[in-house]
Protein chains: 2
Amino acid sequence: MSKPAIGFVGLGAMGFGMATHLVSEGYPVYSYDVFPASVQRFQTAGGIPASSLRESAEGKLFYVCMVASAPQAQAVLFGDEGIVQYLPHNATLLLCSTVPASYSRSVADELASRGRTDIHFVDAPVSGGAKRAADGTLSIMAGGPDSSLQIARDLLQEMSAPSKLYLVPGGVGAGSNMKMVHQVLAAIHILGASEAMGLAAQLGLDAQSTADRIKSSEAWTWMHENRFPRMVEEDWNPGASALTIILKDAGIITTSARQAHFPTPLCATAEQVYISAVLQGYGSKDDSAMVRQYYPHPLKDVTPSSAKEDPEAATQLVLNLMQSVNLVAAAEAIAFARSLGVDMAQFFELVSDAAGGSKVFVTRGLEMIEGKIGAQAPTGTQTLDEVVSQLEKVVQKARDLHCPVHLGNAALSVLLIAKGKGYGGEGSTSVIQVYP
Amino acid sequence: MSKPAIGFVGLGAMGFGMATHLVSEGYPVYSYDVFPASVQRFQTAGGIPASSLRESAEGKLFYVCMVASAPQAQAVLFGDEGIVQYLPHNATLLLCSTVPASYSRSVADELASRGRTDIHFVDAPVSGGAKRAADGTLSIMAGGPDSSLQIARDLLQEMSAPSKLYLVPGGVGAGSNMKMVHQVLAAIHILGASEAMGLAAQLGLDAQSTADRIKSSEAWTWMHENRFPRMVEEDWNPGASALTIILKDAGIITTSARQAHFPTPLCATAEQVYISAVLQGYGSKDDSAMVRQYYPHPLKDVTPSSAKEDPEAATQLVLNLMQSVNLVAAAEAIAFARSLGVDMAQFFELVSDAAGGSKVFVTRGLEMIEGKIGAQAPTGTQTLDEVVSQLEKVVQKARDLHCPVHLGNAALSVLLIAKGKGYGGEGSTSVIQVYP
């Protein structure tokens, strides 16, 4: 059976991988990008170049929009040369960009107001990075009417791993909401990876062996494992994931949270540090360059001989920092997701196997989701007081070294507020009670 | 009546002013400093140079220690050449450095263990800046046994303004605790001044006219008024108050707060930004250089023509930012002071007329101290919801401009946690209920 023609716009790091993967699966893919060089590179990779948005859309029953932001999507869809006017009757339109759910819903509204309810519109943000995009093994969170999801399903499945296509209940916008609450963890863990390695460097610890310990410990995050090689090689000009991308996602989160008057202290702290780094000129660099906010030299320049104390005790400080931050990050993401009415079982399944994943999320996070807080906390797990005590030592040590620990500090404030409310003797999952 | 000889150590920005003021009041002041050039300058100003700690102490019935930190004080007092061994019987020893209360108490203990209970020891940290030091109009917070305070009183009064000598009940350490809780406000307001002016610049507002508006509004802080001239003139090499000084004070606060497991989210956020600036090389510069963390160019380069929106509305955003931050700062300082058993009436009186003062502190702060929160809030004052709504607009606008607002963001998190606990409809003073 011959594959349908696909229209495509947005050949950035992610989009290029997605589009070329579809080409390799036998689809005729007609792609446009504002940068002619990207279109040329796409043609070299076997794709069909489109010289205009119109050319990319006319006659295409399937269309994928993978531009970088909602304003770009708005121009692509509804601008003077917007594709909606050129899409054929009953076309399926996938918006794979990460955008606010409110924007996704506004697209559905605008399609209706333009008399294009025939278009099957699905908001389908993706996660997993450029490599998975090229492999067709992304995580995809798709929201839309059931009929649209059924029509879009095969194409979505081509771009995602077998178990990583999430059809999110709730209609258009539900995919974007799911992506957003996933990105709460991503935005915190990306900075957390740099914060941990920066503190390790200030402690005189060897970067590689510290990273190995993190990987095999309860402190593991997907982001740390993914970012560490670029961080240590300083492969960040431009690197695989520009700082401005996660800053944009953080902005979607904090803007949506403010609209709901929901506190996201950790994610908002991360955003402030990202904004500060942009002000220093790091916007176009890979987000693993955030390590410079914590340690002013290459991690490779740290020699164990400069260790200022017992390396094992110092390593434990780094692990404790990450575990504490990951705990509060899990609480923040879960509380925010719950407040938005997100399907929590699906949220847990998705995060556990995606870029927002952490060991702490699959243990303490699951307990939070299952309501195992307070007296229900499993015996043997740490109390909130114990986490507070560990994190206080980390923050104090960092302070003595004049090393910033923005996230560790913000997490400690949240934990101390929880302790002040009387949850200190309870399981550490009680920290979620600080959130509405 | 002839004035007694005074031994003195520590001729930094503050100490030099204090020592030369005592000289001008007719005291024979024998002063030592690790920098011979400072001693020379002191001699030129009419003081008596001491070539060693021993020379500064021998035969002096009154001794003032004004070094920069507890470790320096420890060396001066009890090191190999420490002054305690040289002070005569029944000498009065004033420790005017800003140190943790626990350190002040350890000095009293060490005097006892060395058999020098004859020494009248008073912990007497000061506030007010170099100019007031030189004028003898500092605020001084003195703690010690009543008998010691009586003996020290005349000398303390020489260095302080008539109404600004606070004899703090509670013995040795009480003065340091009072200084510490005052510095919660100082540490927040110093950064707040830069944050407000940085945002103003990003909004395209003229610095001088914005500062004038702040001065005449409810957003006024002593620190903004004091720092603005140096900020706009970039008079910060070295400037009057090095970043490392307020960083040290912030460290005393957050370290003491952690020991008491007390959350100080705003002050701890300020500390993280100070640490980050030190990492960027700003340690020796005046703390008004923190404006560079928010705006990368001189404030004077902002021209009204670059204004991106209605200047009046933009100015209101800046005022709202400061008022919101000052509100949470007041709550944080008051809650922390209360937890330490500080005399709240004295704390209010002191702060209202010292470097930690703000318009918000003398209005909303007084209401918090008097328990006028919740249903007791005066009619006509803003609700917590109203403050949240105003601050959300500021943070969103700053976000859109890619301008950091570290304090505004942290204050919003605290306010949103309070709102989440159900205090939204109450008076804004209810924010203090987030704190233990």
Practice task
Could you please let me know if A:Phe78 is farther than 24 Å from A:Arg153 by Cβ, hydrophobic (A, V, I, L, M, F, W, C) and more than 19 Å from the chain's Cα centre (by Cα)?
Solution key: yes
Practice task
Determine whether the stretch B:274-296 contains at least one residue that is in a strand (DSSP E or B), open to solvent by less than 10 Å² (accessible area, probe 1.4 Å) and closer than 16 Å to B:Ile190 by Cα.
Solution key: yes
Exercise for the section: Determine which member of the set A:Ser106, A:Ser102, A:Ser97 is surrounded by fewer than 19 Cβ atoms within 10 Å (Cβ to Cβ), closer than 12 Å to A:Ala70 by Cα and in contact with a helix residue (DSSP H, G or I) (Cβ under 8 Å, 6 or more places away or on another chain). Expected result: A:Ser102
Practice task
Would you mind stating whether A:Ala313 is over 30 Å from B:Leu391 (Cα atoms) and either in a loop (DSSP other than H, G, I, E, B) or not β-branched (Val, Ile, Thr) (or both)?
Solution key: yes
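Here is a yes/no grid of residues against (1) more than 12 Å from every other protein chain (Cβ to nearest Cβ); (2) surrounded by fewer than 24 Cβ atoms within 10 Å (Cβ to Cβ):
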{"position": "B:Ala375", "(1), (2)": "yes, yes"}
{"position": "B:Gln382", "(1), (2)": "yes, yes"}
{"position": "B:Leu391", "(1), (2)": "no, no"}
{"position": "B:Leu401", "(1), (2)": "no, yes"}
{"position": "B:His406", "(1), (2)": "no, no"}
{"position": "B:Ala411", "(1), (2)": "no, no"}
{"position": "B:Lys421", "(1), (2)": "no, yes"}
Practice task
Determine, yes or no, whether B:Glu225 is surrounded by fewer than 24 Cβ atoms within 10 Å (Cβ to Cβ), more than 12 Å from B:Asp287 (Cα to Cα) and of a type outside the set (S, T, N, Q).
Solution key: yes
Handout entry: Meets criteria (at pLDDT below 95 and assigned by TED's automatic domain parsing to the domain that holds A:Val23) for A:Ser127
Key = yes
Problem - Selection within the stretch A:15-39 - surrounded by 14 or more Cβ atoms within 10 Å (Cβ to Cβ) and more than 20 Å from A:Ser139 (Cβ to Cβ) - result: A:Val23, A:Tyr27, A:Pro28, A:Val29, A:Tyr30, A:Ser31, A:Tyr32, A:Asp33, A:Val34, A:Ser38, A:Val39
Practice task
Go through A:Val122, A:Val67, A:Val76 for me and flag whichever is in a loop (DSSP other than H, G, I, E, B), touching a strand residue (DSSP E or B) at 6+ places or on another chain (Cβ under 8 Å) and not assigned by TED's automatic domain parsing to the domain that holds A:Glu225.
Solution key: A:Val67
Exercise for the section: Please work out if B:Ser69 is surrounded by fewer than 21 Cβ atoms within 10 Å (Cβ to Cβ), modelled with pLDDT under 95 and touching a Ser or Thr at 6+ places or on another chain (Cβ under 7 Å). Expected result: yes
Problem - All positions within the stretch B:169-179 that are touching a helix residue (DSSP H, G or I) at 6+ places or on another chain (Cβ under 6 Å) and open to solvent by less than 10 Å² (accessible area, probe 1.4 Å) - result: B:Gly173, B:Ser176
Completion exercise
If we keep only residues of the stretch B:253-273 that are open to solvent by less than 20 Å² (accessible area, probe 1.4 Å) and β-branched (Val, Ile, Thr), then the residue farthest from the other protein chains (Cβ to nearest Cβ) is B:Ile253
Handout entry: Pairs with Cβ under 7 Å, 6+ apart, first in the stretch A:162-174 and touching a residue at least 60 places away in the same chain (Cβ under 8 Å), second among the aromatic types (Phe, Trp, Tyr)
Key = A:Val172/A:Phe121
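The values are calculated or read from the model by the stated rules, or taken from the named source; none is laboratory data. Quick caveat: nothing in here was measured; it's all calculated off a predicted structure. Ideal geometry is used to build each Cβ from the backbone, glycine not excepted, and the neighbour counts take in all protein chains shown. Quick note on the areas: whole protein, heavy atoms, side chains included, nothing else; ligands and nucleic acids left out. Shrake-Rupley method; radii C 1.70, N 1.55, O 1.52, S 1.80 Å.
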